[in-house]
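Accompanying notes for the structure given below.
The values are calculated or read from the model by the stated rules, or taken from the named source; none is laboratory data. Remember, it's a predicted structure, so these values are computed and weren't measured experimentally. Neighbour counts run over all protein chains shown; Cβ positions are idealised from the backbone, glycine included. Surface accessibility is based on the protein's heavy atoms, side chains included, excluding ligands, DNA and RNA. Shrake-Rupley method; radii C 1.70, N 1.55, O 1.52, S 1.80 Å.
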Amino acid sequence: MIIGVDYYPEHWNEEMWVSDAELMAKTGVKLVRVGEFAWCRLEPSDGCFDFSWLDRAIGVFAERGIKVILGTPTNCPPRWLCEEHPEVLPWGSDGKPNPIGIRGHRCYNSPVFLEYARRIVSKLAEHYKDNEAVSAWQIDNELEANICYCEACSAKHREWLRRKYGTIETLNKAYGNVVWSGEYSSWEQIDPPYGGYNRAWLNPAYMLDFSRRAAEDVTEFCNMQAELIRGYIPNAQITTNTWFCESMPDFYHTFEKLDFVSYDNYPTVSIPHDTENIYTHAVHLDIMRGIKRKNFCIMEQLSGTPGCWAPMSKTPRPGMIKGYALQAFAHGADTVVFFRWRTAATGAEMHWHGIIDHSNVPGRRFEEFAELCREAESLADIRGAELRSEVAVLYSTESEYAFKLQPQTDGMYYMEQIKLLHSAFAVYGVNVDIIGQHEELTGYKVVCAPQMYITDESVARRLYDFAEKGGTVILTNRSGAKDGNNNCVGEQLPAIYARLAGCRVEEYDPIGWDTVKVKFADGEEFTAKQWCDILQTDTAEVVAYYDGNFYKGKPAVTLNRFGSGKAYYIGTVGEKRLYRKIALDILENMGIDHIEGLPDNVEVTRREGGGHSARFVFNNTDVPQSFVIDGERLDMQPFEMKIQTVCAPL
Ligand code: GLA
């Protein structure tokens, strides 16, 4: 594993670069990320470029054997550019340009911005094409779907719709614009969804297309930059650092033409005491690995007290600096870069702490970081080894968008069932992949397909096929509910999935925060919440019934034999135990290796490859844990990771 740090040479005087680089080298830091916000220093005025300071900084690191990931600075156009060309600024939903003063102040569709962005990226690529210290490139920073309301975006959106629908009549029909007399008679009438009122009043079909286009902008912007860089450096390793934000890009499209995925990983410092809370970042890490179905990089890793836009929160507890980085490694990250080396002394982010505090006196967190660097070196053999999984969870960007656009009932979020199903299998120490819904399913034995809300026929076909050939599928509530335009389908749910599930939804009851009991055939009882599909079976057998409300005795969970495989349908949202019970049944029936009796939040994964195999056991809790795996007793401190390696696959 390679350990790096995010570093901002432009924030510190040059003498500090040397002492910082020396300490980094001595500690075992192998990589720094630089440059992603430094446009004003790289191009201090229009067309005048100054890379000399960056050359010196990169030189200081290179002399000490530290490689560099170079960020393109397009996140922060310099003030002169915004003043000369205010059209580079994004516009808010009030139809006005956003003020300068915070970062991310650029619209990816502004022709003027794109021209300047192309120029600075090309200049950087040309300048650093032969610099061997530059080992990879990061495009921009934490790109979000381009929710901008400027003229360029509106024009692009209309053009996008024209290409998709051809005629305004087709679009009117697809959106059902007759409702509330919303039919357009010309493309020019189509505006972006301006603010000032509740979004839920807007047409969901129109809103889903807006989200799709806003996400496509990110992909285009990344591909544009990647192509420019490759024009100078054909073998460049290119990424962009992504995260989970409100306006999510489409991970699968964004990274399709990039070389590797990188993720900004800030696991929680305050461990919740509500046992139903699935706080582990394992689920995020598995989503990241699943984007390209290969190992990935952490570009920013929790280093100190978070705070700045929100008040400061707790400092990482002993064990977290090391443990959370090793947890990322356990899930397929080969490189972990910490945000940041030293805490900023100026600027809005001065309270988001790095490995070293403002004082520049290395302290407790630094010592733990140094220990991690030493341990990372000893793990060189397993770098590149992969996680092989027999269980997959499908993720749909479009369903995620659609749930955000129309929250279905209090407390029900798309990600929650992804987490519930992921953790139901992970709790038995099996590797779980989370992959895009369009991926091939060959090689898996179990595929969880939660809330397949926006219907895609090719995805449904693949799931039918998978079950037909012997796989086990788990479907859940709200599946098959919408067509590709985010309109309700005119069939009994789960509509396109009804034959696979072998059941139909007679009626549903969105109970929100209310709860109801669900009873399995063996008498075991669970609490369910949020949503109740009242089921009627066709070919399926009943696994569990509701034990309350007017549908007491009606099926809540069913199991259908389909071809040589099976499909579960879970019509409600249960407590964690409910999913675990089903998962255990499946693991036993499918003969998948698993471990029973792991304490809650003790995580076990396995990486294999290159003649090496390693089992990672992580105590992701703030209390000591003692337990037995394969006859061996393990006593583990809070956030401790134990890595058991062998030379041949286990
Ligand atoms: C994000 C950004 C960083 C920094 C950190 C911590 O992940 O990419 O530049 O702002 O948050 O605040």
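Overview of values
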item: Exposed chymotrypsin sites (Phe, Trp or Tyr not before Pro) absent - longest run of the chain, DSSP non-H/G/I/E/B, at most 10 other C-beta within 10 Å; result: 310-549
item: Surface accessible to a 1.4 Å probe, per residue, for the residues of the chain, Å²; result: 39
item: Per-pair calculated FRET efficiency, R0 = 56 Å: MET350 and SER186 via Cβ, rounded to 0.05; result: 0.65
item: Net +/- balance of residues flanking MET1 in space, Cβ distance below 9 Å, scoring K and R +1, D and E -1; result: -2
item: Cα centroid separation - region 229-288 against region 52-119, whole Å; result: 21
item: Rg in Å to one decimal, and Dmax rounded to a whole Å, for region 435-553 via C-alpha atoms; result: 15.0, 43
item: Region 490-554 - Rg and Dmax from Cα coordinates, angstrom; result: 12.1, 36
item: Accessible carbon and sulfur surface of region 391-590 relative to its total accessible area, %, 1.4 Å; result: 46
item: Paramagnetic reach from LYS173 in region 460-483 [backbone N under 19 Å; point 7 Å along Cα→Cβ]; result: 483
item: Cβ-based net charge around VAL393, under 10 Å, with every Lys or Arg adding one and every Asp or Glu removing one; result: -1
item: Sparsely packed GluC sites (Glu not before Pro) within region 541-597, loop by DSSP, other Cβ within 10 Å at most 14; result: GLU596
item: Residues in region 478-522 reached by a label modelled at SER458 [backbone nitrogen below 18 Å; 7 Å Cα→Cβ]; result: 483-486
item: Area projected by the alpha carbon convex hull of the chain, averaged over all directions, nm²; result: 29.4
item: Net lengthening on full extension, TYR279/ASP622 (0.36 nm per residue, minus Cα-Cα); result: 122.2 nm
item: DSSP-loop trypsin sites (Lys or Arg not before Pro) across region 541-620, with at most 14 other Cβ within 10 angstrom; result: LYS552
item: Gyration tensor (Cα) of region 1-57, equivalent ellipsoid semi-axes in angstrom; result: 25, 12, 8
item: With every protein chain in place, region 602-646: carbon and sulfur % of accessible area (1.4 Å); result: 46
item: ³J(HN,Hα), Karplus 6.51/-1.76/1.60, whole Hz, each residue of region 435-443, x for Gly, Pro; result: 10, x, 5, 8, 6, 5, 10, 4, x
item: Cleavage-rule hits, GluC sites (Glu not before Pro), region 603-650, DSSP coil, Cβ neighbours within 10 Å at most 14; result: none
item: For region 242-300, the spread of Cα positions along each principal axis, largest first, Å; result: 41, 24, 19
item: Span per principal axis, largest first, for the Cα atoms of region 264-375 (Å); result: 41, 34, 25
item: Gyration tensor over alpha-carbon atoms, region 391-590, equivalent ellipsoid semi-axes in Å; result: 22, 20, 17
item: Potential lengthening between GLU151 and GLU541 on full extension [0.36 nm per residue; Cα-Cα distance subtracted]; result: 134.8 nm
item: Segment SER122-THR645, extension gain: residue separation times 0.36 nm, minus the distance between their alpha carbons; result: 183.8 nm
item: Cα shape, region 135-192, gyration tensor, a/c 1.5 rule; result: prolate
item: At q = 0.24, 0.26, 0.34 Å⁻¹, base-10 log of I(q)/I(0) for region 602-646 (Debye sum, equal scatterers on each alpha carbon); result: -0.83, -0.92, -1.23
item: Environment charge at LEU81 (Cβ cut-off 10 Å; Lys +1, Arg +1, Asp -1, Glu -1); result: -2
